[in-house]
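These notes are about the structure you will find just below.
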Amino acid sequence: MKQDPVDILLVEDNALDAELTLRELKKHHLANHLVHLKDGEEALEFLFANGATHSLPKLVLLDIQMPKVSGIEVLEQIRSHELTSTTPVVVLTSSKEDPDIRRCYDLGVNSYIVKPVNFERFTEAIRTLGMYWLLINQPPT
Amino acid sequence: MQTIVDNSAAVIYAKDLRGRYLLVNQLYCELFHHNKEEVLGKTDYDIFSREDADAFRDMDLRVAAGNRTLREEEKVPLDDGMHTYISVKSTLKDATGLPYGVFGISTDITELKAVEETLRKSLQEVSDYKFALDESAIVAITDQKGIITHVNDNFCKISKYSREELIGQDHRLINSGYHPRTTIRDLWVTIAHGKIWRGEVKNRAKDGAYYWVDNTIVPFLKESGKPYQYVAIRADITHRKKVDEEFHKLNEELEERVNLRTVQLESARKEMEAFAYSVSHDLRAPLRGVLGFTTMLEDEYNSQLDSEGQRITSIIKNSTLKMGQLIDDLLAFSRTGKQEITMRAVDTGKMVREIIEELAPGTSHTHQIEWIVHPLPTAHGDNHLIRQVWVNLISTAIKYSGRREPARIEIGHFMHEGQVAFFVRDNGVGFNNKYKDKLFRVFQRLHKAEEFEGTGVGLALVEKIVSKHGGRVWGEGDPGNGARFCFSLPESRYYDEYI
């Protein structure tokens, strides 16, 4: 069975942030195989449902503050499943005050990014991490 | 008969009515160093001093004149000084019953008198002690079973029982029920073993009122070592106990209040943290939207915007950026409040030189600055936070002296009210001293935003950090001539540990 390839799984409930992120990734042709989901529940369904018709993502961009299932729980699930235990996960959050930074690292997050308010820096961060994880980084095969 | 007389322990003698010795016994001769032949026919005036002889003769005459028997003490000179004798004298009568002489038996009671005197003194002393004790203390005596056999007036007064009501009872009569049975048992075990018991006891008077005594119970022991009675000496400590209790109660109340406040403070602190988090998280996200979409507008619809439209989008972006900066500064400010400080020695000179290196060539401050940095003493505080203080003060000086050519910034220290005070002086725009109290308040600014950029948090942060260290911060300005900002830090008692 031929699976649809997925490069990036973006899990982000804030529509504006999602749009800004998508726009920047598209601009640099990093969004050809991108799936955008709006909360943690959808993400778990997407990743772990039986009979999936798509490949595992090369990178998960995960917002922390989401309704229903939080980013932390999604990260926990990703790390505890054998299939996804090595999938690169980058957590995005609005605040460096986040009490969960430490917890994310304990759970084995690959990177933790505070979304800058400044648009130029925000787009730079998105561009950099997209390029790094998709083009530079060598995932386990 | 003569043998008995001679061997008597008393001095025995007989004289005629004119005082001439008719008879003396052996003891008389030994005591006064005469033999019988020398003494007989002589009077007391031949043997004793006139004074002593007068005294003897006086008694002899009273015995003879009344023809009776007298018993009196006499002072007699012996080799080792005056002795006291008890003399019994009676008349010698002829066949018709008429007295012809005086017969006497004198016994040395000097030692007895001494013992008597000692005894009298001891009794006096005991009586004095008892008086003093009765005046000052509450006294009770019980037999070995605890039955009260004696109470003093103080006991009656404090217990409000009469002497008759107390005697024959035991101390259960005034038992307050306050002390556990084990305490009472310990007391009895102690005194029954002949040991002194001391303790504070709460009693109940006849009218139901309670009183406290400091109690000492002394067992009086028989030769066998068993107590035959107990003497209890007590002091009224009701007042002290009351003060103690009140003190204790106040202390407990205070502690309760402190605990309550601590809980309240802790919850306020948690709320504040949650607030700071939500501020940083929830306020920043929409700002990013505003900025992002305004930028998209600029990028993608630039051709459709005239110069006024472009000016407006640029204002939107700048205002939003400023708001972002405000939020970040405010967060830094609130973080400082809850941050634990780690006290270490701070090499002030080195720190200031590093900060000048970092700040001076900054792209936004291209103006020439003449630096005058005096030698600076080691300070004591949290390295990270003290660094923040210097960064803010030096940045402030650079910012407000930006229009001077050359700008001059001087950094040094002096002693101020027992603390080391550091200062940063610039020759910038300065400020009116009238507003110096507003300098360190959050979001307070003395200059228009158009003149000098800033969020109004920098100096407030300085104030917060310095007061957290137990120091003071103040500023002095002279409009047009510059400003001087000072902060003092207490010297640490533990300073040496860190050098």
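The values are calculated or read from the model by the stated rules, or taken from the named source; none is laboratory data. The structure displayed is predicted, hence computed values, not measured ones. When we count neighbours, we look across all protein chains shown, and the Cβ atoms used for this are built from the backbone with ideal geometry, even at glycine.
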**Message:** Could you go through segment B:273-281 and let me know if any residue there is within 19 Å of A:PHE119 (Cα to Cα), more than 10 Å from chain A (Cβ to nearest Cβ), in a helix (DSSP H, G or I) and not aromatic (Phe, Trp, Tyr).
**Reply:** no
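For every residue, the table says whether it meets (1) within 14 Å of chain B (Cβ to nearest Cβ); (2) in contact (Cβ under 8 Å) with a residue 24 or more places away in the chain; (3) out of contact with any helix residue (DSSP H, G or I) (no Cβ under 9 Å at 6 or more places or on another chain); (4) more than 17 Å from A:LEU34 (Cβ to Cβ).
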| residue | (1), (2), (3), (4) |
| --- | --- |
| A:LEU59 | no, yes, no, no |
| A:GLU73 | no, yes, no, yes |
| A:SER94 | yes, yes, no, yes |
| A:GLY108 | no, yes, no, yes |
| A:TYR112 | no, no, no, yes |
| A:LYS115 | yes, yes, no, yes |
| A:GLU120 | yes, no, no, yes |
| A:GLU124 | yes, no, no, yes |
**Prompt:** For segment B:329-343, does any single residue satisfy the condition of being in contact with a Phe, Trp or Tyr (Cβ under 8 Å, 6 or more places away or on another chain) and either away from every other protein chain (no Cβ under 14 Å) or modelled with pLDDT of 85 or more (or both)?
**Reply:** yes
**Message:** Being modelled with pLDDT of 90 or more, aromatic (Phe, Trp, Tyr) and within 19 Å of B:LEU133 (Cα to Cα) narrows it down to one residue among B:TYR178, B:TYR230; which is it?
**Reply:** B:TYR230
**Request:** Give me a count of the residues in segment A:1-46 that are within 14 Å of chain B (Cβ to nearest Cβ) and aromatic (Phe, Trp, Tyr).
**Result:** 0
**Asked** Could you list, in sequence order, the residues of segment B:307-328 that are within 10 Å of another protein chain (Cβ to nearest Cβ) and either surrounded by fewer than 15 Cβ atoms within 10 Å (Cβ to Cβ) or among the aliphatic types (A, V, I, L, M) (or both)?
**Response** B:LEU321, B:MET323, B:ILE327
**Fill in**
Counting only residues that are modelled with pLDDT of 85 or more, hydroxyl-bearing (Ser, Thr, Tyr) and either surrounded by fewer than 16 Cβ atoms within 10 Å (Cβ to Cβ) or not assigned by TED's automatic domain parsing to the domain that holds B:GLY428 (or both), segment B:448-499 contains a total of 1
**Prompt:** Is there a residue being part of a strand (DSSP E or B) and surrounded by fewer than 15 Cβ atoms within 10 Å (Cβ to Cβ) anywhere in segment B:30-47?
**Reply:** no
**Prompt:** If you check B:PHE56, B:PHE103, which single one turns out to be at pLDDT 90 or above and closer than 19 Å to B:MET1 by Cβ?
**Reply:** B:PHE103
**Request:** Answer with yes or no whether B:GLN304 is free of Cβ contacts under 8 Å to residues at least 60 places away in the same chain, more than 14 Å from chain A (Cβ to nearest Cβ) and surrounded by 10 or more Cβ atoms within 10 Å (Cβ to Cβ).
**Result:** no
**Prompt:** Quick one: which of B:GLY97, B:GLY19 is buried (at least 18 other Cβ atoms within 10 Å of the Cβ) and of a type outside the set (S, T, N, Q)?
**Reply:** B:GLY19
**Request:** Could you check segment A:1-95 for helices (runs of 4 or more DSSP H) lying wholly inside it with 2 or more residues that are over 21 Å from B:GLY292 (Cβ atoms)?
**Result:** A:40-48, A:71-80
